[in-house]
Each structure stands twice: as C-alpha cells, then as structure tokens.
Amino acid sequence: MSNYSTFLAITFLAALTPGPAVFLAIRNGATYGIKMASIGILGNISAVFIFAMISATGLGLLLLSSSGTLFWLNIAGGAYLIYLGLRPYCSNSNVTRTEEKESGTLILSRRKLYSEAFMVGVSNPKAILFFTALFPQFIDPKASSFYSLVTLAIGCSFCSCVCLLMYATASSKFTNLI
C-alpha cells in the first residue's frame, strides 16, 4: 500500500468516527434533507481544509507548544458545542419538525448552515492534534512541499465530505421512513 493510500485509509477511518461534525450532519440531514445538509458539510470541510493547511505549515506545532492557547481553544470549542446542543431546547418556537417539513419552511438559511458547520469544524481542537501528528509522517520529502501539503489537505477534505454525506443521507432517508 502506498504512503498516500495509507494516509487516506487512516483519514477515512478518523472521519467515520462520530464527533461534532457527524452529529451536525445527521441533524441537518434529518431536519432539512440532504440538499441543505450538503451546505453544512461544505462548511465543515472548509474548516478541515484550513486546519490541514495550518497544521502542515507548522502553526499546529505552535499551538501544541503553547499549552495556554490550546487550553483556551479547548474551552472555547467545548462551550460552543454545549451552546449548539442546548440551543434547540431553549428556542421559543412551538413548531414541530413535522410541521416545518409539511409547510416547507427552513429555519436555517444556507449561510447559517454553512457558518454553523464551519464553526463546529474550527472549534474542534482534536483536528489540530490529528493533523499535527499525522501530516509529518506522510509528507514526501522528494516531492514539492506545497504539492504534498495540498494533496494531503484535499485528501482529508474528500474523506470528510464522503463520510459526512453518508451520515446525512442515512439520517434523511431514515427520517422519511418515520
């Protein structure tokens, strides 16, 4: 197995494991359907690509070496995820999801779906740790550094996109059965 194939296999397995992005894709798929969930997925893979490039350029190591920065990044990310989890329970809306679907209204705009997923992706410090630990092992010293970095970042984004689309599609199909 080639070095890049190994990288993609590891990345795909990591993207399959449930986390905040997966749960958001499931929620969006079940609530808004696959078309709108795809907008959120695009927001998340944008964050994945940015994290991949940041880690590849060495800023990930800088964050890891500064324990205070990483600590506050963890706190901010955790607080944002708690906010996202509690927000549906604190809303003033009495409309049920079934009524939303029947009336055809969408509560979240495309921009809001994108930015919410982007924030979930950016607020996940596990991604920086993952990329910082993984990237250096798979960068080909014989090839152009820029080409290697972009290829790995695109591979990560692709794996994440495929996995999130699988979860969102499954949740939208399951919701239609109910």
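Quick note: the coordinates plus some simple rules give every number you see, no bench work behind them. Because the structure is predicted, anything quoted here is derived from the model rather than measured. Glycine gets a Cβ as well: all are built from the backbone with ideal geometry, and neighbour counts include every protein chain shown.
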Placing each pseudo-label 7 Å from Cα in the direction of the beta carbon, Arg111 and Ile75 end up separated by a distance in nanometres of 3.1 nm
Protection proxy (average C-beta count within 10 Å per residue), highest first, orders 22-32, 162-172 as 22-32, 162-172
Given a Förster distance of 30 Å, the FRET efficiency implied by the Cβ-Cβ spacing of Ile50 and Phe23, rounded to the nearest 0.05, works out to 0.90
